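Accompanying notes for the structure given below.
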Amino acid sequence: MTGRIRLAYGIWLRRNRQINEARLELRSALAAFESIGADPWSERARSELRAAGSTVASACPDTEELTVQERQIAELAAAGLSNREIGARLYLSHRTVSTHLYHVFPKLGITSRAKLRDVLVGHGDSDGVRRAAHQ
């Protein structure tokens with residue numbers, strides 16, 4: 001119950017531009033939800049924390065949420081290819097590649113391209129990243 005109250009208060013604070021106070025409440029709500037295993041509520045708190053400008057990783061970033069094309073692009077980016085190189089391989093514009101990566105980052109709970117490899121390798125897909133680099 002306190003988690004839901006803290007979440008609601010944190011959302012209210014964020015919307016009223018009291019960001020620092022909102023982050024404290026949202027982190028407390030997230031901790032409460034994670035302690036009882038309330039995954040949907042935890043994800044909501046994570047989402048609100050990201051909206052408040054805080055970087056928060058997903059409890060277990062689920063690479064299954066990615067579409068096939070997002071997965072391909074993420075693997076190529078993790079292998080070190082530029083957006084233009086990825087676009088040339090997949091017959092896409094570099095802007096389309098950028099848009100897909102923009103959607104991939106929040107799904108994986110990361111904020112930088114450098115963390116892509118860690119997330120993908122952490123999920124047992126190091127072969128996919130290696131294969132993508134050598135194609």
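The values are calculated or read from the model by the stated rules, or taken from the named source; none is laboratory data. Being a predicted model, the structure only gives us computed values, none of them experimental. Cβ atoms come from the backbone with ideal geometry, glycine included; neighbour counts cover every protein chain shown.
Would you confirm whether any residue within segment 94-109 is within 30 Å of TRP12 (Cβ to Cβ), of a type in the set (A, V, I, L, M), at pLDDT below 65 and surrounded by 18 or more Cβ atoms within 10 Å (Cβ to Cβ)?
Restricting attention to segment 94-109, the residues satisfying the condition of being within 30 Å of TRP12 (Cβ to Cβ) are 102-103, 105-109.
Now narrow it down to the ones that are of a type in the set (A, V, I, L, M): 108.
This time we only want the ones that are at pLDDT below 65, so: none.
The answer is no, given that none of the residues of segment 94-109 is within 30 Å of TRP12 (Cβ to Cβ), of a type in the set (A, V, I, L, M), at pLDDT below 65 and surrounded by 18 or more Cβ atoms within 10 Å (Cβ to Cβ).
Which residue, of SER42, SER47, is out of contact with any helix residue (DSSP H, G or I) (no Cβ under 7 Å at 6 or more places or on another chain) and within 24 Å of GLU65 (Cβ to Cβ)? Walk me through it before giving the result.
Values: SER42 fails: out of contact with any helix residue (DSSP H, G or I) (no Cβ under 7 Å at 6 or more places or on another chain).
Checking each option against the conditions leaves just SER47.
What residue, among those in segment 40-67 that are closer than 18 Å to SER112 by Cα and aliphatic (A, V, I, L, M), is modelled with the highest pLDDT?
LEU49
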